[in-house]
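Worksheet for the structure shown next.
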Amino acid sequence: MKAKVGFTLLQVTLLVAIVSTSGGIVAPGLAASNMRAKQWSFKSDLQTIRSQLELYKIQHSGQLPPTESFEQFEAALTMKCCDNMGPYLRVIPVNPFSGDKKVRFESVQSTAGSGQAGWVFNTTTGVFQADDSVEHAAL
């Protein structure tokens, strides 16, 4: 008589229960870790953009990058310019909370955090902020 090879229904059920419980314990930790990574990336990108905008302004006699269009703004910051100035950024980073790298331009009172773009740049004050939420715009 041949011996049966395999798992019993009880063994399979027990294994599924153990794997499910382990997943339930590990998953929240991974989600929190992912959120912290997004926050660090966001803050780092914001600090980098702001410092490079200041450098641009210093090297261009107090002038801010052109803001007639996103494409002109992006080119001014990511391409080499006259007198070997730039590039200031390799790329305009994507806001990790909105998934958008577009920069919206405004010249009046700030409406940052409206969710219309990844970032917002005030052409009067030179302030660069996140546009995905009011909370992030305040940073």
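Every number here is computed from the coordinates shown, using simple stated rules; none is lab data. Just so it is clear, the model here is predicted, and its values are computed rather than measured.
Remarks
- Crossing angle, helix 9-59 versus the chain [Cα axis fit, 0-90 degrees, rounded to tens]: 10
- Considering helices alone, the calculated mean residue ellipticity of the chain at 222 nm is -16000 deg cm²/dmol, with DSSP H runs of length four and up weighted by -39500 (n - 2.57) and normalised per residue.
- Taking every alpha-carbon pair under 8 Å whose residues sit at least 6 apart, the chain reaches a relative contact order of 15 percent.
- Spatially close Lys pairs in the chain, defined by Cα atoms under 23 Å apart and a spacing of eight or more places or different chains, total 10.
- Residue-by-residue Karplus 3J(HN,Hα) for segment 99-113, coefficients 6.51, -1.76, 1.60, Hz, glycine and proline x: x, 10, 9, 4, 10, 9, 10, 9, 10, 10, 4, 5, 10, 4, x
- Computed from phi, the 3J(HN,Hα) profile of segment 115-124 under the Karplus parametrisation 6.51, -1.76, 1.60 (θ = phi - 60°) reads x, 7, 8, x, 9, 9, 10, 7, 6, 8 Hz, with x in place of Gly and Pro.
- Two-decimal Rg to Rh for the chain - Kirkwood Rh, Cα set: 1.35
- Euclidean distance between Cα centres, segment 105-139 to segment 6-75, Å: 20
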